[in-house]
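Below is one structure, written out as structure tokens, with a few remarks after it.
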Amino acid sequence: MAQGVTIDAAFWGAEAAGIVALERELKRLRRAQSAHAREQARTVARAAVLNLVVYADRELHARRSAQSISDLASRHPSRAIVLLADRGAHEGAEGRLEMHCHLPTAENATQVCYEQILIRARGDADERLASVVIPLLVPDLPVFLWWTGSPPVAGRAFGQLVGLADRLVVDSADFARPEEMLPAIARISAQARGRFGLTDLNWTRLTPWREIVTSFFDVPAWRPFLDTVTGVRVGFAVDMDGRQILPSQALLFIGWLASRLGWRPIEALAPSEAGGLLFAVARADGARIQIRVRPRFERGLADGDVSGVRIQAERDGQQAEFVIKRQPDPRHQTASVLLGGERRWERTMPLPSFEIVELIGEELAIMGSDPTYEEALAALVRLG
Amino acid sequence: MATTVVNPLREGLRLARTPEPSTIVIFGGSGDLTSRKLMPALYNLALQRLLPATFSIVGAARQPLTDKRYRDELHTAVGEHSRTKPLNEEVWRSFAEHLYFVGTPDERGYDTLGQRLDRLDQDLGTNANRLFYLATPPAAYEPIVKAIGAHGLRGSTGWSRVVIEKPFGRDRESARVLTETIHTVFREDEVFRIDHYLGKETVQNILVMRFANGIFEPLWNRQYVDHVQITVAETIGVEERAGYYEQAGAMRDIVQNHLLQLLALVAMEPPAAFDDKSVRDEKVKVLHALRPVDADRLSDHAIRGQYGRGFVEGVAVPAYREEQGVAKDSRTETYVALKCFVDNWRWEGIPFYMRTGKRLPKRSTEIAIQFRVAPHQVFSREASEGLDPNALVLRIQPDEGVSLKFGAKVPVQGIRIRTVNMDFDYGASFMVDAPDAYETLILDALRGDATLFTRRDEVDQQWAFVDPIIDAWATAPAAPPIYEAGTWGPADADALVTADGRAWRKA
Ligand SMILES: NC(=O)c1ccc[n+]([C@@H]2O[C@H](COP(=O)([O-])OP(=O)(O)OC[C@H]3O[C@@H](n4cnc5c(N)ncnc54)[C@H](OP(=O)(O)O)[C@@H]3O)[C@@H](O)[C@H]2O)c1
């Protein structure tokens with residue numbers, strides 16, 4: 001019982017006794033892999049374009065992220081260092097670090113190899129983590145820190161690891177208490193400016209929604225409606241029992257509109273039926289916009305994902321509605337425009353995959369932080 | 001440009017440069033190019049969500065078709081030719097709703113087309129932004145352009161642009177006349193001449209390789225480069241295109257456009273910016289500096305050939321003159337090898353060997369920069385037996401990538417040197433499927449970015465270079481030498497290079 005979780009050596013590789021042994025083992029594995037490839041008249045490129053450090057406090061999360069990294073390796077070969085904080089079984093016991101490494105071959109890119117290292121911190125070993133990460137980083141390559149779960153903003157290990165990173169990746173969809181975490185992330189992001197970039201995978205999930213909403217207003221005839229919005233409705237997915245209420249993504253969407261269009265809070269977020277939120281903001285010209293964020297059960301959606309958007313506007317007596325619906329199977333978005341209640345335009349587009357690996361891949365391609373996200377977050381915090 | 005409204009939501013979106021709402025009109029909408037390339041490209045742009053917010057496609061040709069029939073035919077064609085399979089039926093349905101056909105057999109047809117376009121503008125709330133794509137046989141280019149002008153098909157507001165397929169003229173004079181005709185309706189900055197090679201990712205990568213990196217450019221000149229080889233090798237024969245090819249030959253089909261484009265990209269000076277003016281200004285300078293081939297000593301610089309029977313990839317293939325639609329005594333060249341010089345400060349005296357042909361042993365497009373050997377041999381002759389000169393090879397297709405050939409010590413006691421390849425494989429490094437050239441080019445034309453299209457002065461210089469060679473061959477008493485299909489061209493082509501003490505690369 002006091003052993004904590006068992007490490008699957010078949011998945012994570014054999015245990016090595018310390019950094020030097022670990023490096024030696026990696027070298028041996030690389031040579032074995034090239035020899036194997038040479039027999040099949042191939043060469044293996046040791047490729048790494050970044051250091052990816054993952055922090056997880058559950059083996060399940062560690063394993064899942066390792067899988068994502070492996071799927072990503074062909075596009076973003078990395079040295080991946082997975083930190084597993086295995087505190088549970090060893091409360092109070094002396095901390096100890098355990099290291100494993102292996103060279104998974106990326107699926108459908110057998111000529112590229114990358115390196116994966118597991119550091120398991122048993123017991124109270126969090127504060128030692130940075131000291132083992134530093135020597136393992138491949139020099140001269142950017143460091144991405146992917147924090148699964150809610151980051152312990154005030155924690156010492158968190159501070160140290162963030163200090164090593166060029167970029168921090170979080171997923172606000174995982175935040176148990178978004179009303180506390182989102183402002184906290186906004187603070188981190190403000191402090192991060194110029195030191196490291198911050199990415200929220202949940203924001204990346206919003207990209208296709210933002211793109212379509214934006215594209216409506218590329219049409220010169222529809223553009224003026226953007227100044228005369230009267231109401232916005234955003235739906236987000238919940239499970240059948242309505243227990244997992246995760247409105248972060250929907251709220252970020254509202255924050256984005258508010259920041260881009262200069263909407264100001266006039267009423268605080270107020271809970272409405274069944275986990276929804278109902279509130280009002282003021283347009284740049286002072287008129288009132290009714291905002292409604294509500295949970296909906298829909299098959300095939302992950303909890304918290306936006307399920308639909310409806311923007312209502314009125315100008316010179318004409319009613320306009322800009323609607324995006326999401327169809328779970330096959331995955332599509334249908335965008336339509338209604339003027340005076342009459343459908344004027346409709347188009348259906350595939351919705352890009354929201355697999356974690358796709359999201360991370362998208363983020364790794366970009367180095368800087370995203371000021372639009374920061375502004376959306378700031379606007380959201382003001383609304384709250 | 002008329003009213004450009006700012007969309008405050010665009011800021012910070014990664015797809016910051018989405019085309020404006022518009023309509024594309026494809027003349028030759030029922031043709032082969034449309035069904036094999038253009039429509040699959042447009043559909044794939046829709047799949048990638050890269051089309052404008054409101055967008056419609058109008059096909060035009062002389063034979064009438066109903067919208068329904070047109071949609072059905074393209075449904076099949078796109079299903080077959082799309083690079084992504086299977087067809088996403090949901091997306092296709094929505095795409096096809098905005099797909100129309102108008103017959104333009106006569107003047108009335110063009111008026112109907114005009115009315116259809118006006119109505120679409122109204123329905124779509126667009127600004128009469130129109131892209132006219134000429135995908136017809138070249139003989140139809142001029143009448144269609146004139147009709148666009150005469151029937152006022154350019155919208156009253158918004159932008160209008162015209163895309164013209166290759167070939168652009170069949171010599172310098174006809175290209176000039178065509179440009180002049182087009183200019184009666186479109187300004188030069190509204191004219192987008194296609195060279196689909198420029199739309200290829202790996203061709204654009206030549207510029208990135210050269211100008212985004214600091215390590216290559218210092219070596220990229222006569223001081224370090226011994227010579228350059230450019231190869232565009234096809235395994236296919238003339239296929240169904242005999243009618244066109246008999247009139248064109250390899251010189252017009254590949255050299256005038258694709259090969260000279262590759263040459264320009266390799267030889268050009270760094271542009272001040274990656275924009276249409278800077279890039280094309282520099283490319284034109286290379287074409288200006290290209291030394292004209294001396295017609296009296298033609299065979300020292302230009303070799304032609306025509307394929308005979310042989311075996312390609314294990315299959316017996318007929319001779320060119322036995323192909324359907326080809327004259328029994330055809331003198332059309334299916335192979336060209338050239339030795340060129342770029343007379344400028346950077347390249348003085350450095351030969352550029354270029355070759356292209358049909359029915360060669362292997363499909364391969366590549367550019368090889370062969371460097372000079374080390375100035376002084378430190379190692380013994382025996383030790384460096386296995387050493388070739390350094391070469392940087394840019395592979396355009398297939399196996400897109402870059403490799404650098406250099407010498408390394410064989411791990412034994414004592415020194416023995418072997419040539420090794422340092423390989424960068426485009427496909428393995430970025431596992432995403434590269435977009436098709438036509439996707440890139442159509443999207444650029446919709447955005448109004450002409451960087452990857454050929455400007456009038458470029459076309460003019462290209463023809464200025466190839467015309468005298470074509471003329472000399474046309475009047476030469478002898479027919480082109482025959483090379484066996486499945487070989488690397490006629491023996492004379494080897495002589496072109498070996499005379500300088502060099503050899504063609506084993507591509
Ligand atoms: N096919 C290719 O892979 C390829 C590759 C590179 C470049 N290109 C170039 O693309 C162009 C088209 O080639 P293609 O192979 O698609 O030819 P194609 O299959 O013969 O099609 C020609 C199309 O043009 C239409 N057309 C002819 N005259 C017309 C006119 N006066 N007004 C309106 N439409 C007219 C034809 O329909 P109607 O007869 O009903 O009018 C047909 O739709 C050519 O310039 C070719 O050199 C083709």
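The values are calculated or read from the model by the stated rules, or taken from the named source; none is laboratory data. From a predicted model like this one, the values you see are computed outputs, not experimental measurements. Glycine also receives a Cβ, built like all others from the backbone with ideal geometry; neighbour counts cover every protein chain displayed. Accessible surface areas use protein heavy atoms only, side chains included; no ligands, DNA or RNA. Shrake-Rupley method; radii C 1.70, N 1.55, O 1.52, S 1.80 Å.
Give the number of residues within the range B:111-122 that are within 14 Å of another protein chain (Cβ to nearest Cβ) and among the polar types (S, T, N, Q). The total comes to 1. Just to be sure, is B:GLY152 away from chain A (no Cβ under 14 Å), at positive phi and more than 15 Å from the ligand (Cβ to nearest atom)? Answer is yes for this residue. Within the range B:477-494, track down each residue that is touching a residue at least 40 places away in the same chain (Cβ under 8 Å) and aliphatic (A, V, I, L, M). B:ALA479, B:ILE482, B:ALA485, B:ALA493, listed by residue number. Scanning the range B:247-282 for residues that are open to solvent by 10 Å² or more (accessible area, probe 1.4 Å) and assigned to a loop (DSSP other than H, G, I, E, B) gives B:GLU269, B:PRO270, B:PRO271, B:ALA272, B:ALA273, B:PHE274, B:ASP275.
Within the range A:356-384, the set of residues being modelled with pLDDT of 80 or more, small (Gly, Ala, Ser) and open to solvent by 30 Å² or more (accessible area, probe 1.4 Å) comprises just one member, A:ALA378. Checking each residue in the range B:7-56 for being within 16 Å of the ligand (Cβ to nearest atom) and among the charged types (D, E, K, R) picks out B:ASP32, B:ARG36, B:LYS37. Just one of the listed residues (B:GLU80, B:GLU165, B:GLU97, B:GLU107) is open to solvent by less than 40 Å² (accessible area, probe 1.4 Å) and among the acidic types (Asp, Glu), and it is B:GLU165. Would the range B:22-38 turn up any residue that is touching a residue at least 12 places away in the same chain (Cβ under 8 Å) and at the interface with chain A (Cβ under 9 Å from one of its Cβ atoms)? Among the residues of the range B:22-38, not one is touching a residue at least 12 places away in the same chain (Cβ under 8 Å) and at the interface with chain A (Cβ under 9 Å from one of its Cβ atoms), which makes the answer no. Evaluated against (1) surrounded by 15 or more Cβ atoms within 10 Å (Cβ to Cβ); (2) in contact (Cβ under 8 Å) with a residue 40 or more places away in the chain, B:ARG321 falls short on exactly one condition, (2). Within the range B:95-110, can one find any residue that is in a helix (DSSP H, G or I) and within 14 Å of chain A (Cβ to nearest Cβ)? Within the range B:95-110, one or more residues are in a helix (DSSP H, G or I) and within 14 Å of chain A (Cβ to nearest Cβ). Of all the listed residues (B:ARG187, B:ARG210), the sole one being farther than 29 Å from B:LEU394 by Cβ and basic (Lys, Arg) is B:ARG187. In this structure, is A:ARG38 surrounded by fewer than 21 Cβ atoms within 10 Å (Cβ to Cβ), in a helix (DSSP H, G or I), basic (Lys, Arg) and at pLDDT below 70? Against the criterion (surrounded by fewer than 21 Cβ atoms within 10 Å (Cβ to Cβ), in a helix (DSSP H, G or I), basic (Lys, Arg) and at pLDDT below 70), A:ARG38 qualifies. Evaluate the range B:42-51: report whether one residue or more is part of a loop (DSSP other than H, G, I, E, B), out of contact with any Leu (no Cβ under 7 Å at 6 or more places or on another chain) and within 11 Å of chain A (Cβ to nearest Cβ). Among the residues of the range B:42-51, at least one is part of a loop (DSSP other than H, G, I, E, B), out of contact with any Leu (no Cβ under 7 Å at 6 or more places or on another chain) and within 11 Å of chain A (Cβ to nearest Cβ), which makes the answer yes.
Using the structure shown, decide if B:ARG116 is touching a residue at least 40 places away in the same chain (Cβ under 8 Å) and either surrounded by fewer than 20 Cβ atoms within 10 Å (Cβ to Cβ) or more than 11 Å from the ligand (Cβ to nearest atom) (or both).
So B:ARG116 fits the description; yes.
Put simply, of A:VAL281, A:VAL238, A:VAL232 the only residue that is buried (at least 22 other Cβ atoms within 10 Å of the Cβ) and within 14 Å of another protein chain (Cβ to nearest Cβ) is A:VAL232. Here is the figure for the range B:178-196: residues that are open to solvent by less than 30 Å² (accessible area, probe 1.4 Å), away from the ligand (no atom under 11 Å from the Cβ), more than 16 Å from B:SER22 (Cβ to Cβ) and out of contact with any Asp or Glu (no Cβ under 6 Å at 6 or more places or on another chain) total 6.
Only a single item in (1) touching a residue at least 60 places away in the same chain (Cβ under 8 Å); (2) part of a helix (DSSP H, G or I); (3) not polar (S, T, N, Q) is not met by B:LYS285, and it is number (1). Right, B:GLY125: within 14 Å of another protein chain (Cβ to nearest Cβ), away from the ligand (no atom under 15 Å from the Cβ) and either open to solvent by 20 Å² or more (accessible area, probe 1.4 Å) or not polar (S, T, N, Q) (or both) or not? Criteria met by B:GLY125. Within the range B:433-486, the set of residues being among the polar types (S, T, N, Q) and in contact with a helix residue (DSSP H, G or I) (Cβ under 9 Å, 6 or more places away or on another chain) comprises B:THR440, B:THR451, B:THR454, B:GLN461, B:GLN462.
Residues that are at pLDDT 90 or above and within 16 Å of the ligand (Cβ to nearest atom) were ranked within the range B:200-239; the one that is farthest from the other protein chains (Cβ to nearest Cβ) is B:VAL238. Among the residues making up the range B:84-108, those that are within 16 Å of the ligand (Cβ to nearest atom) and touching a helix residue (DSSP H, G or I) at 6+ places or on another chain (Cβ under 7 Å) are B:LEU99, B:TYR100, B:PHE101, B:VAL102, B:GLY103, B:THR104. Listed conditions (1) within 16 Å of the ligand (Cβ to nearest atom); (2) among the β-branched types (Val, Ile, Thr); (3) within 14 Å of chain A (Cβ to nearest Cβ) are all met by B:THR157, apart from (1).
Within the range B:70-83, the set of residues being more than 14 Å from chain A (Cβ to nearest Cβ) and either away from the ligand (no atom under 13 Å from the Cβ) or outside any helix (DSSP H, G or I) (or both) comprises B:ARG71, B:ASP72, B:HIS75, B:THR76, B:VAL78, B:GLY79, B:GLU80, B:ARG83. For the range B:160-177, filtering for residues that are touching a strand residue (DSSP E or B) at 6+ places or on another chain (Cβ under 7 Å), within 13 Å of the ligand (Cβ to nearest atom) and touching a residue at least 60 places away in the same chain (Cβ under 8 Å) leaves 3. Looking only at residues of the range A:328-355 that are loosely packed, with under 15 Cβ neighbours inside 10 Å and facing chain B (nearest Cβ under 8 Å), we find that the one that is farthest from A:ASN202 (Cα to Cα) is A:GLU346.
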